[in-house]
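The values are calculated or read from the model by the stated rules, or taken from the named source; none is laboratory data. This structure is a prediction, so every number in the text was calculated from the model and none was measured. Cβ: placed from backbone, ideal geometry, glycine included. Neighbour counts: every protein chain shown.
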Amino acid sequence: MSYRDEEEFLLLSLAYINAKRKKEEGERKPHYIQRRTYLNIEHSLSADKRFKAFWMKLHSLDYNQLLNFMRMTPPQFLNLHDQLKPSLVRSITHRHPISTQERLAIFLRYVSRTHNVVGVSKEFNIGITTVVKAVREVAEVIVRELLSWHIPFPDQASWAQNAADFEALWNYPRAVGCLDGKHFRCSSQSQAKSARYNPPELNNFSGYYSTFLLAICDAHFRFLCFDLVEVAKNVDSTLWSSSPVARMILSDTVPFPIAAPLGEFGMVSYSVLCDGNFPLTKRAMRPFADNELNSSAKLEFNQRFARCPITRHLGRKPRKPQKGHIILYDTPQSFPR
């Protein structure tokens with residue numbers, strides 16, 4: 001083969017390769033068709049049914065429909081959505097993404113009524129995994145964006161105002177808050193060998209696995225601060241002593257109001273009220289035990305102490321109200337059992 005023949009062969013080869021590449025590019029689908037759709041093909045028939053009940057209730061003239069569905073009126077829902085939307089928006093890479101309003105609706109429906117992933121999945125006609133991811137995502141955004149705004153850690157002026165409210169509402173002076181805790185039942189993750197819920201260390205005295213919530217509330221039953229504790233077989237006092245909130249309260253880093261004279265009792269410092277399960281410290285006040293009630297003054301102190309909020313265990317009323325127990329929050333059905 002001569003040099004001219006080789007040159008012609010190379011040119012023809014390049015022309016063939018170039019023509020083949022252009023043909024392949026012409027047959028290639030547009031980028032918006034190539035992208036994977038959000039819904040599987042078998043789910044496309046039910047796409048128009050997703051969130052149908054939510055949108056009907058949101059645009060209904062009867063505000064009670066959405067209020068009964070997720071404990072929010074439409075204006076309240078839209079206001080909350082406007083606050084969270086910048087953190088919930090993400091780039092659209094699918095043809096059928098779940099909107100920010102729909103993800104917020106999934107979260108509110110889960111925490112307000114059912115606490116059942118399967119139930120929410122059926123109500124909105126979406127997958128269980130989608131519900132779990134949406135609930136976790138919205139919860140993280142709410143904590144990051146709204147926690148410090150709606151539950152700021154009290155300063156000295158706030159503690160003083162709380163003490164004034166306790167004296168006005170409950171006739172108990174020098175109290176800045178009420179302390180109590182609750183075990184929240186959870187599933188054992190022993191098969192996954194989770195360090196947090198590994199039996200038998202995290203099995204409480206009631207015989208089930210739980211996470212422990214410690215919280216301080218004001219005279220109006222509103223949260224001031226709280227802490228989720230990784231639970232073992234410990235009493236409330238042990239969990240309290242290991243809590244970061246306890247270390248802050250019991251130390252001088254938290255600016256409680258300065259001790260002031262209280263009638264004939266002299267200088268009395270401000271403290272947090274708690275029940276008999278917690279230790280007595282300079283900043284934590286508890287009632288006298290039954291075997292210590294040997295005087296009328298101690299009995300009167302316990303009676304006045306018992307006038308302060310009585311426990312309902314974060315939404316569950318006790319069979320018999322017990323003196324000295326503190327209420328955290330009076331919202332039945334707010335938490336799962």
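Of note:
- Comparison of Ala163, Ala134 shows that the only residue that is surrounded by 15 or more Cβ atoms within 10 Å (Cβ to Cβ), at pLDDT 90 or above and within 29 Å of Pro279 (Cα to Cα) is Ala163.
- Selection count where residues are exposed (fewer than 15 other Cβ atoms within 10 Å of the Cβ) and either among the aromatic types (Phe, Trp, Tyr) or without any contact (Cβ under 8 Å) to a residue 40 or more places away in the chain (or both), scope segment 169-187: 1
- Looking at Ser242, Ser295, Ser251, just one residue is more than 20 Å from Arg222 (Cβ to Cβ), surrounded by fewer than 17 Cβ atoms within 10 Å (Cβ to Cβ) and either under 25 Å from the mean Cα position of the chain (by Cα) or among the aromatic types (Phe, Trp, Tyr) (or both), and that residue is Ser242.
- In segment 273-287, the residues that are within 17 Å of Ala219 (Cα to Cα) and surrounded by 17 or more Cβ atoms within 10 Å (Cβ to Cβ) form Cβ pairs under 9 Å with partners that are modelled with pLDDT of 80 or more and among the acidic types (Asp, Glu), at six or more places apart or across chains, as follows: Cys274/Asp180; Asp275/Asp180; Arg286/Asp275.
- Out of Leu88, Leu66, Leu84, sole residue that is in contact with a Pro (Cβ under 6 Å, 6 or more places away or on another chain), within 23 Å of Val135 (Cβ to Cβ) and at pLDDT 80 or above: Leu66
- Set side by side, the residues Val132, Val141, Val111 differ, and just one is in a helix (DSSP H, G or I) and under 19 Å from Arg50 (Cα atoms), which is Val132.
- Residue within segment 221-238 that is farther than 30 Å from His115 by Cα, exposed (fewer than 13 other Cβ atoms within 10 Å of the Cβ) and modelled with pLDDT of 75 or more present: no
- Across segment 107-126, the qualifying residues are those that are more than 20 Å from Leu67 (Cα to Cα) and in contact (Cβ under 8 Å) with a residue 60 or more places away in the chain, and the one among them that is surrounded by the most Cβ atoms within 10 Å (Cβ to Cβ) is Ile126.
- Among (1) among the basic types (Lys, Arg); (2) at positive phi; (3) at pLDDT 90 or above, the one test that Lys193 misses: (3)
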